[in-house]
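Beneath this line is the structure, given in structure tokens, with notes to follow.
The values are calculated or read from the model by the stated rules, or taken from the named source; none is laboratory data. Everything numeric here is computed off the predicted structure, so don't read it as measured data. Don't worry about glycine lacking a Cβ; one is built from the backbone with ideal geometry, like all the others, and counts go over all protein chains shown. Protein only, heavy atoms only, side chains kept; ligands, DNA and RNA dropped before computing areas. Shrake-Rupley method; radii C 1.70, N 1.55, O 1.52, S 1.80 Å.
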Amino acid sequence: MRKNKLLENFSALAIMQLMNYALPFVTLPYLVRILGMENYGAYLFSQALIAYFMIFVDFGFDLYATKEVAINRDNKSKLEEIISTVFIWKFLFLGISFVVILALTTFIPVFKEFQILHILNFGMILGTMLFANFYYQGIENMKFITILNASSKIFFTVLLFVFVKNTNDLMLTALINSGGYILVGLTSVWIIHKKHGLQFRLVSKNILVKSLMESLPFFWSRIAVSMYTVSNTFVIGLVLGNAASGIFGSADKIFRGIVALYAPLNTIFYPYIAHQKNVVLYKKVMKYAIVLNIIMALAVFASAEWVIQIIFGAGFEESVLVLRIFCVVLLYIMPSILIGYPLLGGMGHTKEVNLSVIYPAILHVLFLIIAIPYLNVALVAILVLITELLVFLYRSYYVKKYKLLC
């Protein structure tokens, strides 16, 4: 029965990830050609900026609250307390984020040029904040939210093809994209309230402070991860311009899309291991996942030139080398992810997981700053390769030390 539940949630999450990453690949070739390299690069640069604030608004609650919901899934009062606490903080951080973005895009020239684009993309933050993924993961029931997410993504993908027709439609692209996020978020909250019968209520100051402090380590780890993921496209955009941002960001989109294919395993096993403390099934699944990952990495490496040409077209030739470097990273980033929060975190070693990204992230930023006079897209990709390898080695050391896979 337990395995059937895991399979059901894995299937639901796999479909949701497919919608999240496959559909953008349907629209990518169209948007690149319609918007042009400069506008497309500006679009990726704006999303990189917005990603920082999405991390701030989340503040690690999705990881902290998922585990809390998993442990207290049969306690309605406790569930209401957890959900209410998370949303109170997220609403507060959302307001702070909007004020900061408004200030950045009003007073700093590099952001002011595309102020409307950044503000429209802010809808992604609002939608993500409302989407209570932590709750559905914690109760291990992703069926309805997956149907909702898939339906919304398909609908708004169709809207892009219908309404985005030329380079002047950059702002419309952001508006349509944000609309999809917001619709899913609002419906997610409605399901919690109406279908699951949970009420949102005020909670005590002590509970608010406690949740914030317990989420803080997760927040630092998320910030650290963003330093060697989001920051790359962002820094390239600042230093080398929108075109370079588009070249790097295009390869990065493919890379992150492949990595996201394994997110369902990460998502279902984290609450499962946190609740059951059982790694037998996890070990079996991980073996098959590693073999599949190696095959996929080799296939993309061999066909990188063709993939870039088909998806992005002329002008993105430099993306081929970047994508091939990322294919090397794929060989160890997948097992690195799966021994992170699902295994180390689920077994109570969250400190080790958090530090595994914080230390390499600091080194990544230092090297990125030193390399600015010599910066190019391939060099940044190599930095990612080194940083992700350090994360993997750090986590592997503690998995072996605590004998978690013995």
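Descriptive notes on the structure:
- Viscosity 1.306 mPa s, temperature 10 °C, Stokes-Einstein D of the chain from Kirkwood C-alpha radius, µm²/s: 73
- Between Ala263 and Ala299, the contour length at 0.36 nm per residue exceeds the Cα-Cα span by 11.0 nm.
- Value at 222 nm in deg cm²/dmol, rounded to 500, when DSSP H runs of n ≥ 4 in the chain each add -39,500 (n - 2.57): -28000 deg cm²/dmol
- The phi-based Karplus calculation (6.51 cos²θ - 1.76 cosθ + 1.60; θ = phi - 60°) puts the 3J(HN,Hα) values of region 363-373 at 5, 4, 5, 4, 5, 5, 5, 4, 7, 3, x Hz, whole numbers, x for Gly and Pro.
- Taking a sphere under 12 Å around the Cβ of Asn75 and counting the other residues whose Cβ falls inside, with K and R at +1 and D and E at -1, yields a net charge of -1.
- Efficiency of FRET from Cβ geometry, Ile154 and Trp190, R₀ 22 Å, rounded to 0.05: 0.65
- Set of region 252-292 residues, backbone N closer than 19 Å to the point 7 Å along the Cα-Cβ line of Asp74: 271-278
- For region 330-379 versus region 38-102, the gap between their alpha-carbon centres in whole angstrom: 21
- Of the solvent-accessible surface of region 139-288, computed with a 1.4 Å probe over protein heavy atoms with every protein chain present, carbon and sulfur atoms account for 68 percent.
- Between the beta carbons of Val100 and Cys406, assuming R0 = 51 Å, the FRET efficiency works out to 0.60 to the nearest 0.05.
- Cα-projected label distance for Thr167 with Leu292, points at 7 Å along beta-carbon direction, nm: 4.2
- Mean Cβ neighbour count within 10 Å, used as a protection proxy, ranking 367-379, 243-255, 225-237 highest first: 243-255, 225-237, 367-379
- In terms of packing, defined here as the mean over residues of other Cβ atoms within 10 angstrom, the peptides 78-90, 284-296 line up highest first as 78-90, 284-296.
- The listed peptides 274-282, 205-213, ordered by packing as a protection proxy, come out as 274-282, 205-213 (highest mean of other Cβ atoms within 10 Å first).
- 13 Å cut-off, amide nitrogen to a point 7 angstrom out along Glu38 Cα→Cβ, residues in region 349-377: none
- Extension reserve of the Lys351-Leu238 stretch, reckoned as 0.36 nm per residue once the Cα distance is removed: 37.4 nm
- Per-residue HN-Hα couplings for region 192-206 [Karplus 6.51, -1.76, 1.60; θ = phi - 60°; Hz; x = Gly/Pro]: 4, 6, 8, 7, 9, x, 9, 9, 8, 9, 6, 10, 6, 4, 4
- For Gly197, neighbours were defined as the other residues whose beta-carbon sits under 12 Å from its Cβ, and their charges (Lys and Arg +1, Asp and Glu -1) total +2.
- Positive minus negative residues near Thr27 (Lys, Arg vs Asp, Glu; Cβ under 13 Å): +2
- Global size of region 57-168: 17.7, 53 Å for Rg and Dmax (C-alpha atoms, Rg to one decimal, Dmax whole).
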